[in-house]
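The structure appears below as structure tokens.
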Amino acid sequence: MTAATMQALACGIALLAFCPLTAAHAEPSAAVCSKYADSYAQEKTKGMMLRGTAGGGVAGGLVGALFGGAGAGAVIGAGLGTITGGAQKSQNYKTIFEDAFIDCMAGRVQ
């Protein structure tokens, strides 16, 4: 080998030492991440409305019993619990969806 070839080889090795190779990977698409985030958020918020209905029914029944109308109180409480549970599920779904979407687009999920 000539001195110029040896010098070029040494420069190439030095360049690789200071510029490590990174593995190339494809970025996930927004459509794929949206589907992933929707599925993840649906799974995490499953049953929230039912829990709100049950909790509202129990609380309404107890309050109704204090005032002599446990049945009516339970029905009203269940209705309010359903509305509250639905609103809570909607807010939690939105937050979980956004977090999962961001994680997916950043490549932090598999």
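Which pairs turn up if I take residues in segment 96-109 that are in contact (Cβ under 8 Å) with a residue 12 or more places away in the chain and under 13 Å from ASP38 (Cβ atoms) and look for partners that are of a type in the set (A, V, I, L, M) and not in a helix (DSSP H, G or I) with beta carbon separation below 8 Å, at least 6 apart in sequence or on another chain?
What qualifies is ALA100/VAL109.
Please identify the pairs in which a residue from segment 38-59 that is outside any helix (DSSP H, G or I) has its Cβ atom under 8 Å from the Cβ atom of a residue that is at pLDDT below 75 and surrounded by 13 or more Cβ atoms within 10 Å (Cβ to Cβ), counting only partners at least 6 apart or on another chain.
THR45/LYS89
Report, by residue number, each residue of segment 33-66 that is surrounded by fewer than 12 Cβ atoms within 10 Å (Cβ to Cβ) and either modelled with pLDDT of 80 or more or on the phi > 0 side of the Ramachandran plot (or both).
Correct list: GLU43, LYS46, GLY47.
The values are calculated or read from the model by the stated rules, or taken from the named source; none is laboratory data. All values derive from a computational prediction rather than experimental measurement. Here the Cβ is made from the backbone with ideal geometry for all residues, glycine too, and neighbour counts use every protein chain on show.
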